[in-house]
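Remarks on the structure that follows.
Only the coordinates and a few stated rules stand behind these numbers; no lab work does. None of these values were measured; they are calculated from a predicted model. For neighbour counting, all protein chains shown are included, and Cβ atoms are generated from backbone atoms with ideal geometry for every residue, glycine included.
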Amino acid sequence: MNRWWTALPIAGLLAVPVWTAPSTPVIVIEAVGCLVAALGVYRFAKSAVVSGCVIGLLGYTFAVWSEGRGVDVIGSAIFGFTVLSLLDLSEFGRRFDGAAVAPDVVRAQVIYWLGRAAVVAVAVAALAALGYALSMLVPGGGRAIIAGAGALLAFGGALGAGITRRPGDFVPNG
Amino acid sequence: MTIRATPLAYALTTVMGCALFLGILTGRAELFVVALPLAIALLSGAWRQQAPRFAVRQTVSVDRLSEGQQVTVSVALLAERPIPVVETLVALPPLLALAAGGGNNRTVLTAAARREAGWSFAIVCPARGRFDIGTVLVRAWDLSGLSVIEERRVLPRSLLVYPDVPAIRHLPKPVRTQRSFGNYVSPLLGEGIEPDEVRPFVAGDRTRRINWRASLRRRQLYVTQFQEERNADIILLLDALTDIGVRPYSTLDSCVRATAALAKGYLARKDRVGFVEFGAFLRWIDPATGRRQAEVLMEGLLPSATHFSYVVPRLDRLPRRILPRDSLVIAVTPLLDERFVGAVNDLVAREFDVVVLAISPVEAVRRVLTHSFADEIACRLWAAEWRSRGDALRRRGIAVCEWHTDQPLEAALASFTATRRHSAARA
């Protein structure tokens, strides 16, 4: 699996915000983001890829904020998945650059990514349904509080999953 | 064994944090949805892989080879539990290189439970030495790519790369011989095959020595006397004070190859061959003969290298068994260090039979130059200066054989042995 596969998510990084709000600032911001990400992929510089993703995210934020339409769940889910794919693919290429990668490994990795994409799709659908239900049940002021709490919970949970040590885990340098 | 989070985990956390921050800042739900795939990816890394238990086995096609030859290294990994992605790297010492089209020393594969997963690759050994190739670095990744477990296994596996020994037939002949049987004609008369003089028969002479042609002509019995064939003690004195050029074409590498070739040639003639490395410290191998000595000498030449020291080694401190009085000392040197030239002069003053095999350093340096006009002029000037050093030794009565490494050693020795024979005959 070589670096050319990252061209697809980089194209998505440009396409989704432009599709959301085809304005000059969005195009410029996204073009810069894609350029930085592509440079990072080319030079195997993780920080540049992350910078490209963050710039792309800023462009997408500007796009959805300037457009001011209703919530575009599908577009944002695609954008999130695009960012995830870009990070995954660039890291895979960087990690095993110069090594002989067995076809079994690539096959298992692709299957894993496809499985995770399915999980993401289900989770987005569930979240959209939950959001719709909450919007029906919770008054306007409470939605922001619930959304913020949910965001903090998700961030904390993700961090905790990465940091917390449990019985059965390895002892570093052990 | 070390477990650590990968850069991907930090990257996902950063981008997800940005998305959530921007979502809260702008109050747009899309950005929370953008963060959702990243959060799921991070959560998928929470199911950490268990500590992999595995055994690494490494085999090599040969563990003793000559410079320039290839060796195939096979690595097999047997895991107790399946490891989805395992990256294995066999650390290669600096001088060893992967053979073109011979595979990779870094491989990523999947290890099934209790089933060997392995691969092989070929490496080229361009320079002599003892190389450790038993260090294997293993990284076990989970499919999320968020954490990695690293382990370093050191297996007792070393490669012995012997110097490439050119075959030589012309060897400098020693002036003095020893008592054991050998290939050199001795001035002593006795049992040999080289006829010397004819004298009248005396009681006790063996009848098979009777020279019938002379006896019939003189009508009196005459016998032919024969010269004994004896061996010689050869001491190879290696200059390890300086080393210039890039391995495997450095001056020390050329010196070692020449020393190995001389040792092999003299041992084939049943001579006793010893070795003294004249470097920052003295290192020696006692003179002996036979195939075992050939092996000992080759092993002894492997670690030859330059070491910095303020101490000047002195050959007069060597025991007599290391440097026998009647031995032929062949000094193999690039003639770059005055300390070695001083040691050679000292040996000549102590009436040793000394031959200097001067290995030109110009060719070794020319390999790393850009071949510009200035480089060419500098090389020519340096070559002239270097030749003058050899001439200075010749003026002191020392036999000097110059070897330019772009030519075969045999050619240099052939012309040298011819001139040495003529000069010996004149003396």
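Per the Debye calculation on the protein assembly as shown with a single equal scatterer at every Cα and no solvent contribution, log₁₀ I(q)/I(0) for q = 0.07 Å⁻¹ amounts to -0.67.
The 3J(HN,Hα) values that the Karplus relation (6.51, -1.76, 1.60; θ = phi - 60°) gives for the range B:343-356 are, in residue order, 5, 5, 4, 5, 5, 5, 5, 8, 6, 7, 7, 10, 10, 9 Hz. Gly and Pro appear as x. Semi-axes of the equivalent ellipsoid of chain B are 67, 27, 17 Å, computed as sqrt(5λ) over the eigenvalues of the C-alpha gyration tensor in descending order. What separates the Cα centres of the range B:210-240 and the range B:246-325 is a distance of 32 Å.
At 1.306 mPa s and 10 °C, plugging the Kirkwood radius over alpha-carbon pairs of chain A into Stokes-Einstein gives what diffusion coefficient in µm²/s? Answer from the Stokes-Einstein relation: 87 µm²/s. Taking a quarter of the surface of the Cα convex hull of the range B:2-44 gives a mean projected area of 3.0 nm².
For the segment A:144-153, counting C-beta atoms of other chains within 10 Å of every residue's C-beta and taking the mean gives 3. Applying the Karplus relation 6.51 cos²θ - 1.76 cosθ + 1.60 with θ = phi - 60° to the range B:280-292 yields 3J(HN,Hα) values of 5, 9, 8, 9, 9, 10, 4, x, 7, 10, x, 6, 5 Hz, where x marks Gly and Pro. Plainly put, the range B:111-226 has a radius of gyration that is 1.54 times its Kirkwood radius, both from alpha-carbon atoms, as the Rg/Rh ratio. Apply 1/(1 + (r/R0)^6) to the Cβ-Cβ distance of residue A:129 and residue A:32, taking R0 = 60 Å, and write down the FRET efficiency to the nearest 0.05. Efficiency at R0 = 60 Å is approximately 0.95. Farthest towards the positive end of the charge dipole of the protein assembly as shown, among the residues B:293, B:125, B:102, is the Cα of B:293, using unit charges on the Cβ of Lys, Arg, Asp and Glu. Translational diffusion of the range B:54-162 was estimated from the Stokes-Einstein equation, with Rh taken as the Kirkwood radius over Cα pairs; at 10 °C and 1.306 mPa s the coefficient is 110 µm²/s.
Got a sec? Charge dipole of chain A, +1 on Cβ for Lys and Arg, -1 for Asp and Glu; which of A:52, A:92, A:127 is way out at the positive end? Most positive-ward Cα: A:92. Per residue, chain B reaches -10000 deg cm²/dmol at 222 nm when only DSSP H runs of four or more residues are counted, each adding -39500 (n - 2.57). Going from the residue with the fewest nearby Cβ atoms within 10 Å to the one with the most, A:23, B:304, B:44, B:254 rank A:23, B:44, B:304, B:254.
Here chain B is assigned +1 on the Cβ of each Lys and Arg and -1 on the Cβ of each Asp and Glu. Its dipole about the Cα centre then comes out at about 1520 debye. Take the Cα of residue B:215, step 7 Å toward its Cβ, do the same at residue B:99, and the gap between the two points is 6.5 nm. Toward the positive end of the charge dipole of the range B:54-162, with +1 on the Cβ of Lys and Arg and -1 on the Cβ of Asp and Glu, the farthest Cα among B:60, B:84, B:141 is that of B:60. Taken about its Cα centre, the range B:181-229 carries a charge dipole of roughly 520 debye when the Cβ of each Lys and Arg holds +1 and the Cβ of each Asp and Glu holds -1.
The mean of 1/r over all pairs of different alpha-carbon atoms in the range B:173-286, once inverted, gives a Kirkwood hydrodynamic radius of 17.4 Å. About the centre of its Cα atoms, the range B:54-162 shows a dipole size close to 180 debye [charges on the beta carbon of Lys, Arg (+1) and Asp, Glu (-1) only; nearest 20 debye]. Kirkwood's formula applied to the C-alpha pairs of the range A:40-97 gives a hydrodynamic radius of 12.4 angstrom. Show log10 I(q)/I(0) for the range B:181-229 at q = 0.23, 0.28, 0.33 Å⁻¹, two decimals, from a solvent-free Debye sum over equal Cα scatterers. Rounded to two decimals, the profile gives -0.78, -0.99, -1.18.
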